[in-house]
Amino acid sequence: MNSLRHILVVVGARPQFIKAAALQRVLRNSAAWNSTWLHTGQHHDASLSAQFFEELELPVPDVTLTPRSESREWRLGDMMHGIRKAIQQGRPDWVLVFGDTDSTLAGAWAASAEGVPLVHVEAGLRSHDWAMPEEVNRVLTDRLSSVLVCPTDAAVEHLNNEGIRHTQGSDSVHPTRPRVLRTGDVMHDNAVHYGAAWPEENRGTGKVLITMHRPANVDHPDRLRAWMNAMTSWLSDSGQSAVFPVHPRTVASFDSSWPDWRHELQQIGIEVVHPLGYLDLLKALCEAPVVLTDSGGVQKEAFSMGTRCVVLRPTTEWVEQVERGHSSLAAEPSDLAACATRALEQGRFAPDDLYGSGQSAQDILRCLEALPC
Ligand code: UDP
């Protein structure tokens with residue numbers, strides 16, 4: 001297998017830029033790969049896109065789409081169309097997608113329509129909550145994938161339960177003859193790569209970190225207000241202050257329902273800031289005594305940094321962290337105080353190799369190099 005392999009890497013949303021950075025560090029030093037990068041345009045706000053390309057030294061995309069944003073269906077359709085055209089023009093050996101966003105699903109559909117084998121990084125994760133668009137995207141993408149890259153044993157087991165099992169042999173890969181790979185997690189690769197930078201003595205000594213942007217938490221103003229009330233009351237009881245980088249979706253919901261929200265939150269000890277760049281986010285995670293979040297990525301990065309995490313959701317895909325007691329689920333605002341108090345009392349922990357040793361991107365490419373395509 002010495003010939004140059006061509007891979008089309010599809011990214012489009014903030015967590016994908018971060019995941020792709022781990023892959024890019026390996027790709028750029030490899031003589032075995034030629035890569036084409038496609039940005040679907042799903043996240044185009046500079047605070048969610050451009051700053052990550054710069055900071056994480058991602059290549060300028062070869063193709064950037066500008067999907068219509070008026071509705072989810074139009075955006076999805078435009079992304080599918082654009083990715084399919086890029087596959088027709090470049091004829092890659094593989095299409096690679098990350099995670100569970102609409103860009104992931106669009107890439108999966110386009111690869112399937114063009115008969116190009118699809119690699120899904122973060123395959124097999126399940127929240128079992130079909131109300132989450134991400135869950136639908138994950139399941140459909142896995143079904144269309146030829147190579148399913150699982151970051152945890154639970155992910156392998158979910159696929160197994162759905163009848164998606166590793167096939168041996170020299171036949172070319174196809175969704176009916178998939179390869180299921182168990183690697184570590186590429187976000188953990190990044191946390192290992194960048195995370196050593198912060199002095200040990202600062203860890204856990206800063207402000208509580210809050211991130212929240214899932215539609216179920218922020219789209220309904222009453223629900224959003226209930227979360228903020230629960231947080232402010234816990235912060236005041238525990239004597240903590242917090243920093244809250246607010247996602248544009250959450251800003252829109254606040255703006256529509258709570259005219260003076262920035263000022264009022266600041267007054268009660270929540271520092272409201274724009275979305276942070278990746279390195280600032282990691283630093284805030286490292287310094288936080290506790291993280292309150294509904295983000296999948298932030299949960300994992302909290303683990304990588306040894307910071308306990310309260311997940312503002314009834315379910316999570318990262319179940320191992322909950323089973324080990326490093327995270328807890330606050331399904332309702334009324335659960336938050338007990339979870340956060342417990343996390344604060346338990347304090348920091350030493351992360352182990354749950355998500356690998358920081359070499360997952362190398363492992364993924366090495367496995368792909370050994371496969372026929
Ligand atoms: N992130 C960031 N700045 C912020 C908030 C998040 O850089 O202000 C990063 C963080 O590293 C996280 C990633 O964005 O892992 C995940 O993005 P998001 O929470 O939007 O998506 P999810 O992981 O929930 O799909």
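A few remarks follow.
- Residues of region 33-59 classified as farther than 17 Å from Met187 by Cα and either within 12 Å of the ligand (Cβ to nearest atom) or open to solvent by 30 Å² or more (accessible area, probe 1.4 Å) (or both), total: 13
- Per the conditions (1) part of a helix (DSSP H, G or I); (2) more than 16 Å from the ligand (Cβ to nearest atom); (3) hydroxyl-bearing (Ser, Thr, Tyr), the sole criterion not satisfied by Ser30 is (1).
- Single match in Glu122, Glu55, Glu73 (criterion: over 18 Å from Leu368 (Cβ atoms) and touching a residue at least 40 places away in the same chain (Cβ under 8 Å)): Glu55
- Test set (1) open to solvent by less than 30 Å² (accessible area, probe 1.4 Å); (2) at pLDDT below 95 - Asp353 fails condition number: (1)
- Qualifying residue in region 167-178 (condition: outside any loop (DSSP other than H, G, I, E, B) and either under 18 Å from Ala370 (Cα atoms) or in contact with a Lys or Arg (Cβ under 7 Å, 6 or more places away or on another chain) (or both)): yes
- Selection from region 289-335 of residues that are over 18 Å from the mean Cα position of the chain (by Cα), buried (at least 21 other Cβ atoms within 10 Å of the Cβ) and farther than 26 Å from Gly358 by Cβ: Ala330
- Set Leu118, Leu148, Leu144: member being under 21 Å from Leu4 (Cβ atoms) and of a type outside the set (Val, Ile, Thr): Leu118
The values are calculated or read from the model by the stated rules, or taken from the named source; none is laboratory data. Since we're looking at a predicted model, the values are computed, not measured. Because the Cβ atoms are built from the backbone with ideal geometry, glycine has one as well, and the counts that use them run over all protein chains shown. Note: accessible area is taken over every heavy atom of the protein model, side chains too, but ligands, DNA and RNA are not part of it. Shrake-Rupley method; radii C 1.70, N 1.55, O 1.52, S 1.80 Å.
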